[in-house]
Amino acid sequence: MSIILYTVATLAIIGATAAIILYFVAQKFKVFEDPRIDEVEESLPSANCGGCGFAGCRAFAEACVKATDLGELNCPVGGAETMESVASILGLEAVKKAPRVAFIRCNGTCDHRPKTNAFDGASTCAISAASYGGETGCEYGCLGYGDCVAACEFDAIDLRAGMGVPLILDDKCVACGACVEACPKNLIELRKMYPKGRKVVVACRNEAKGGVARKSCEVACIGCGKCEKVCNFDAITIENNLAFIDSDKCKLCRKCVSVCPTHAIIEVGFPPRKIKEEEKESSTAK
Amino acid sequence: MLKTFNLGGVHPPENKLSADKKIENLPLPKTVFIPVAQHIGAPASPVVKRGDEVKVGQVIAQSSGFVSTNIHSSVSGKVKKVDVSADSSGYSKQGIFIDVAGDEWLEEIDRTEELVKEFNLDGSEIVKKIQEAGIVGLGGATFPTHVKLVPPKGMKAEVLLLNGVECEPYLTSDHRLMLEKADEIMVGIQLLMKSLQVNKAVIGIENNKPDAIQLLTEKAKNYQGVSVVALKVQYPQGGEKQLINAVTGKEVPSGALPIAVGAVVSNVGTAFAVYEAVQKNKPLFERVVTVTGKGVSKPSNFRVRVGTATSELVEAAGGLPENTGKVISGGPMMGRAIPSLDVPVTKGTSGILLMQEEESKRGEVLNCIRCARCVSVCPMGLEPYLLMTLGEKNIFDRAEDERVMDCIECGSCSFTCPSHRPLLDYIRYGKGKVGQIIRSRK
């Protein structure tokens, strides 16, 4: 019986001593953590995609709590809603950012851009790009092995095997930018998202001279400059034989689409165009 | 026992189909495209413009730094344009297009076949002439030769090694050159020895070229300090570090240059180019190219002007065989498949190999079975299966620790893999990325 008593007493003394030591240690080495970090983290989508530029949601939450204004910080996955709740937790003002969406600037599918050779090395874009110019005559275009598809954490890119160029599904894309990093040809751009997924884009990155570009791909931008002239909003610039439409300046007027001689500028999400007046007349006259 | 390097290596079928074919001059092309980046280092900058008349041997692009070389016109005629065009990589590179008219050489070039043995230049004058003549390593790496001849401070070369190994299957350009220009090569070696201030030179030749070994051993008797050593046939013996190990038994430390063990390695083709540059005032604008392949009707060795389109060589060797699967610039092990026959011959083109469909195809990629054959054949003592995985998973810091930068890209691992895994593809990719990381640290 006494053995039990001794045991209990000894353990109780050890326990009490340890508790006292731990109490003082905890006091001495206390790390203060802003409780708002947890709160902010909870309001984030927990995708840990890195789209904000930080190493995961926790790091982003820490940065938000430290920040004095949220102008530079944005969670592309959560969008405006999430940023507003973050702002309300921190008592700051939410800065509204236009939502963005990724777009692959190449329209060189197999029917537009014939293959001139076959690559039988490891089928990833990174290795193909490091080895040589690619299976088609265009050294700037999409390689189609889908490094972007593998990089996407949100299943937002459809490889479209056999088509030659993957497709980004706008409704799933959160503009985290993982695909932008993954593309060795630098084709993917995060563009401003317009209602109904509308966009007007130069779907080409070919910097070769017009003739060379056209020879390799029938929908290549030849840098003719017609679109630049017709644009009323200074949204189009031409550099290295290649047109670029700034999505922040573009008003979706689609004038450039109709003047582009190679159909390198494409419109997405618009209803089919009405037949022009004179064409209508001529067709009714027949 | 014949000497060879002590680690790894493979022995692919030799297929030296053109070994007994004399070097012929390829007829002059109608136009040439001469890229300005034909060497390791900074591309040369063009000094001619559209409409300029050029002569054979004239400088058309000037070296733009120490690790860079001059580019000379290989033909005479009119500059058509200075523009970009696809080179063997399929990427557009700057170069000079020339329409050929006649064959007018610069007057100072000695076009006779006569052997000029005597020279009374000192070392630095020889290096200067080599630099001006735009000579690069003709074994395929195209490293500017004059850079090699000026060892870094505090280091001294003790021996000059001549690479007559030609370990790549199919290729015979060095072999033919050794047989036909033995004396010239010997004088070239003397010049290189003088410029490096060494009194010993060893020519390493693989045992599958007994005629070359015999001839050069005979010739070497007349030249002081030169000897020939026969080596066992083993790929990649032509690799700088492998050759040093095979001939001297020394091992170049990881990350160091051959000069660290007192050796400088040069190709026999380079020695011949040095002879021509110094004794004949002829800059490097043509080279010997083997055109070969199992289906080729006339496997040949051609003396080709730089800038000639590959299609002309193929035509001269009897045309493109019907079942050609790949056209490879270089040998089957380290060469690269070219995407188009318009690609020009450059200073580094040692051969054009027309591979038949069935031998060119890679096998189906299967899982790694951990047989470690890649480890046992790696001449640098690396673990290729591991480096491949690290490349696949983008773990570059670990790849650097595993010495990925030591890889000489010989392809022995991919060659030997029973699961046909694209080992070298991923290793080369990892090497590129690690190289970028190392450069960004500086």
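Look at the alpha carbon pairs under 8 Å that are at least 6 residues apart: their mean separation over the length of chain A gives a relative contact order of 14 percent. A simple rule links phi to the HN-Hα coupling: the Karplus curve 6.51 cos²θ - 1.76 cosθ + 1.60 with θ = phi - 60°, which for the stretch B:317-333 gives 8, x, x, 7, x, 4, 9, 5, x, 9, 10, 10, 8, x, x, x, 7 Hz, with x for Gly and Pro.
Please check: in the Gaussian network model of chain A (C-alpha springs, under 10 Å), which one of A:T17, A:T116, A:T136 has the largest mean-square fluctuation. Of the options given, A:T17 has the highest mean-square fluctuation. Here the stretch B:351-425 and the stretch B:201-240 have alpha carbon centers that stand 30 Å from each other. Here the dipole of chain A is about 1060 debye; that uses its Cα centre as origin and unit charges on the Cβ of Lys and Arg (positive) and Asp and Glu (negative). Size of the protein assembly as shown from its Cα atoms: along the principal axes, largest to smallest, the extents are 114, 96, 47 Å. For the stretch B:333-428, GluC sites (Glu not before Pro) meeting the loop criterion (DSSP other than H, G, I, E, B) and having at most 11 other Cβ atoms within 10 Å: B:E364. The mean number of Cβ atoms from other chains found within 10 Å of a Cβ in peptide B:86-95 is 4, as a whole number.
For the protein assembly as shown, with only Lys/Arg (+1) and Asp/Glu (-1) charged at the beta-carbon, what is the dipole magnitude about the Cα centre, in debye rounded to 20? Display every interim value, and only then the final one.
Values: 87 positive and 86 negative charges, 102 e Å.
Charge dipole of the protein assembly as shown: 480 debye, to the nearest 20.
Scaled to the globular estimate 2.2 N^0.38 Å, the Cα spread of the stretch B:373-441, given as radius of gyration, is 1.01. Inter-chain Cβ neighbour count for B:414-422, averaged per residue, equals 1 (cutoff 10 Å, partner chain atoms only).
With coordinates expressed along the principal axes, the C-alpha atoms belonging to chain A extend over 114, 49, 35 Å, beginning with the largest.
Taken over chain B, the convex hull of the Cα atoms encloses 141 Å³ per residue.
The GluC sites (Glu not before Pro) of the stretch B:65-108 meeting both criteria, a DSSP state outside H, G, I, E and B (loop) and at most 13 other C-beta atoms within 10 angstrom of the site's C-beta, are B:E107, B:E108. In terms of its C-alpha gyration tensor, the stretch B:194-263 comes out oblate, because a/c is 1.5 or above while a/b does not outweigh b/c. The fraction of all Cα pairs in the stretch A:35-90 landing in successive 10 Å bins from 0 to the largest distance is 28, 67, 5, given as whole percents.
Filter the chymotrypsin sites (Phe, Trp or Tyr not before Pro) in the stretch A:62-146 down to the DSSP loop ones having no more than 15 other Cβ atoms within 10 Å, then list what survives. Counting only loop positions with at most 15 other Cβ atoms within 10 Å, none of the chymotrypsin sites (Phe, Trp or Tyr not before Pro) in the stretch A:62-146 qualifies.
With contributions of -39500 (n - 2.57) from each DSSP H run of at least four residues, the per-residue ellipticity at 222 nm computed over the protein assembly as shown stands at -9000 deg cm²/dmol. Across the cross-link table entries B:K181/B:K280; B:K129/B:K250; B:K93/B:K433; B:K22/B:K80; A:K185/A:K209, which are compared at the Cα atoms, the separations over 24 Å belong to B:K129/B:K250; B:K22/B:K80.
Remark on B:I352: its backbone amide H falls under 5 Å from those of B:T290, B:V291, B:T292, B:G330, a criterion applied only to residues 5 or more positions apart or on other chains, H modelled at 1.01 Å from N.
Once the gyration tensor of the Cα atoms in the stretch A:100-268 is diagonalised, the equivalent ellipsoid follows with semi-axes of 25, 21, 12 Å, ordered largest first.
Computed 3J(HN,Hα) for the stretch B:192-206, one whole-Hz value per residue from the Karplus formula 6.51 cos²θ - 1.76 cosθ + 1.60 where θ = phi - 60°, is 5, 5, 4, 5, 8, 6, 10, 10, 9, 9, 10, 9, x, 10, 6, glycine and proline marked x.
Evaluate peptide A:127-137: per residue, the Cβ atoms of other protein chains within 10 Å of its Cβ; return the mean as an integer. The shielding value for this peptide is 5. Please work out whether the stretch A:185-281 counts as rounded, prolate or oblate from its C-alpha gyration tensor, where a ≥ b ≥ c are the square roots of the eigenvalues and a/c under 1.5 means rounded, while otherwise a/b larger than b/c means prolate and anything else oblate? Because a/c hits 1.5 or more and a/b fails to exceed b/c, the stretch A:185-281 counts as oblate. Peptides A:42-51, B:301-310 ranked from most to least packed by the mean count of surrounding Cβ atoms within 10 Å: B:301-310, A:42-51. Counted as membrane-span-like here are DSSP H helices of chain A whose alpha-carbon atoms extend 20 Å or more along the helix's own axis and whose Kyte-Doolittle mean is 0.5 or above; these are A:2-28. For the cross-link pairs B:K128/B:K156; A:K226/A:K249; B:K3/B:K194; B:K200/B:K241, the ones whose C-alpha atoms lie over 24 Å apart are B:K3/B:K194. Spatial offset of the stretch A:23-61 relative to the stretch A:258-275 amounts to 48 Å, using the alpha carbon center of each.
Listed values for the stretch B:65-75 are Karplus-derived 3J(HN,Hα) couplings in whole Hz (6.51 cos²θ - 1.76 cosθ + 1.60, θ = phi - 60°), namely x, 6, 8, 5, 9, 6, 10, 10, 6, 9, 9, and x replaces Gly and Pro. One Cα centroid belongs to the stretch A:130-171, the other to the stretch B:280-314; the line between them spans 38 Å. DSSP finds beta bridges in chain B, and of those with both partners inside it, around 60 percent are antiparallel.
All of the numbers you see were taken from the coordinates with simple rules; none came from a lab. Please read these numbers as outputs of a predicted model, since none were measured by experiment. Quick reminder, even Gly has a Cβ in these numbers, built from the backbone with ideal geometry, and neighbours come from all protein chains shown.
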